[in-house]
1. Which loop GluC sites (Glu not before Pro) in region 321-406, with loop taken from DSSP, have no more than 16 other Cβ atoms within 10 angstrom of their Cβ?
2. Please give the charge dipole size of region 509-586, origin at the Cα centre, charges +1 on K and R Cβ atoms and -1 on D and E Cβ atoms. Round to the nearest 20 debye.
3. Given +1 on the Cβ of Lys and Arg, -1 on the Cβ of Asp and Glu, and no further charges, what dipole in debye does region 434-564 carry about its Cα centre, rounded to the nearest 20?
4. When each pair of different Cα atoms in region 340-443 is counted once in the 1/r mean, what is the Kirkwood radius in angstroms, to one decimal?
5. Find how much the distance from Ser169 to Ala151 grows on full extension, using 0.36 nm per residue of separation minus their present alpha carbon separation; answer in nm with one decimal.
6. State the dimensionless ratio Rg/Rh of the chain (Rg: radius of gyration of Cα atoms; Rh: Kirkwood radius).
7. Give the residue from Met442, Ala388, Asn363 lying farthest towards the positive end of the charge dipole for region 347-470; charges sit on Cβ (+1 for Lys and Arg, -1 for Asp and Glu) and the dipole is referred to the Cα centre.
8. Excluding Ile400 itself, what net charge comes from residues whose Cβ is under 9 Å from its Cβ, given Lys and Arg +1 and Asp and Glu -1?
Amino acid sequence: MKNKKYILSVLLLICVLFTSSCSIVVNETVRNTSELKWWQKTIAYEIYVRSFKDSDGDGIGDLNGITSELDHLKELGVGAVWLTPCYVSPQADNGYDIADYYNIDPAYGTMEDMDRLILEARKRDIRIIMDLVFNHTSDENEWFVQSRSSADNDRSDWYIWADPREDGSAPTNWRSIFGGSAWEYDENRGQYYLHTFLPQQPDLNWANPEVRKEVGNVAKFWIDKGVGGFRMDAITYIKKPAVFEDGTPDAEDGMVGIHSMTANTDGILDYLHEFKSSVQEGTDIFTVGEANGVSAEDLDKWVGTDGVFDMVFEFGLVNIDLPDESNWCETRDWTLFEFRSFFQNSLRSSDKVGGWFPVFLENHDQPRSINHFMNGEDDRTAKAGALATLLLTMRGTPFIMQGEELGYVNVDWASIDDYNDISTKNHYEFALGEGYSEEEAMEGVHHFARDSARTPMQWDDTKNAGFTEGTPWLPVYPDYKEFNCTAEKEDPDSVLNCYITLSRLRSEHTELIDGAYKDIMPKNNSIFAYTRTNGNRQATVLINFTSEKVTYDTELIKDAACIFSSSSEEHEGILSPYEAVIYENVYQ
Ligand code: GLC
């Protein structure tokens, strides 16, 4: 099976190379935009609530902790803060298993704390973005408790129930995204229920209009609270196929990943159009869908005036080195051509329909970008500066993951037992089952574990990096004496100051926000270079993705003023390792 996977990866690589080599020769301009909505002009920031700031000493981040640090976000120029789920939850998947959508989990605070956070954020021109997890709930949600209580109650059809096969086994051979069968047997109903993720996360049945109405009610409840928008979790899985059938096994366990059987089932957009028209119309909120499985080419159906969301997180880029998401042990090398083509394809596809694009290099499910895209931790500050420049000058709304602005890197804990995330543990077990050694399985964990994005925020060099007075739920990364918010604020060459400077530049040189995008060195495999142009203003961005000095043609920056350099050495026509520069022309 390892071999079969290898062949599949090679085939996939050929496809990616083929599409990327086609796209790199196309470098037409993505148009400029004069009328932008508030969320297109701002910078978004993701808070992993559990890890941001603990105000009450229980070792778990909370809402009051966030309120106390809003000025940090203000300084970064952030206008939208995406909170990972903080609703009542047994925390089987750290909150992505919601037991009550209308209340706050006591570990994170109270509804009064949430109201205060929304208000205090608004005073600073920051809107709170809630994470709506509607593909599934917690198995402790009252809706599911009722649904499983009998085959004929008011909510019996709110989840996906199916009878066992004749031999009593699960209805299909689908493997859940977190490993193991996607079906769980329920003694009471004598039936199986479907869970795309953990057994504690039963999937809602969106085919039932009552379910669709209720998720709309949840969204309206939060709009009434004054939130600025929603991130729609795992949204590509909400529609299930009409018939449940076995798929061809893709691993030794005889199962097939559920993603290939249920993602983006025909008709899904109808549900989402209904959601949009009943919830969003007449408001100024924005929605961003987590749309794993939607390719850049398909984005035009999802965003834009006739689309279902304002933006869509598309996964091509973050999976650039991982041909098969369920197998962390098989990675592939990639080139800057391909890396660049993911941005361009998504930009072009969404632009075609007047859609918008969220720019992200990290989130709470992904490795730290320095490890992911920059090949390791040497020259850490320079690499972080290069990535920051890309994030904050690419066309679209940038999403910063907490800690990214401080230059965080992956954790590399020695044993799988040191890790907290359930999906990481499952990936490790899956690898062992596929015949990889413990060492190989751990290597995959070091590259891709979700815990890397979730370690506590490092505020200062005091105990627990100032995150908590108690015992942190996940260990603080040992580099906190050097990489922390207070120390970085004082160091003009820090990663944090690079972010603050870039954020200020965006607001002063607005073509970085609304300007047309054009790739200007489409064949260069070391420098990512583009212009952003609006009216008589043109910014030229050049980012060296290598550890070598590289040269470029100074004609590209003819008569332009240097408005930013991530390195202290400044030479026209030469970029130091990982240096990023921005030049500007203002034409008369
Ligand atoms: C999304 C979330 C992830 C979560 C999963 C199940 O992918 O980003 O953190 O585990 O959905 O809800």
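Just so it is clear, none of the values below were taken in a lab; they were calculated from the coordinates. Here the structure is a predicted model, which means the values were calculated and not measured. Counting neighbours? That spans all protein chains shown, and the Cβs are built from the backbone with ideal geometry, glycine included.
1. Details: sites: Glu325, Glu330, Glu338, Glu362, Glu377, Glu404, Glu405; in loops: Glu325, Glu330, Glu362, Glu377.
Filter output for region 321-406: Glu325, Glu377.
2. So the dipole magnitude of region 509-586 works out to roughly 220 debye.
3. In total the dipole reaches around 700 debye.
4. Details: mean 1/r = 0.0629 Å⁻¹.
Evaluated on region 340-443, it is 15.9 Å.
5. Between Ser169 and Ala151, full extension yields 4.6 nm more.
6. Numbers: Rg = 23.5 Å, Rh = 24.7 Å.
Over the Cα atoms of the chain, Rg/Rh equals 0.95.
7. Farthest along the dipole direction, towards plus: Ala388.
8. -4
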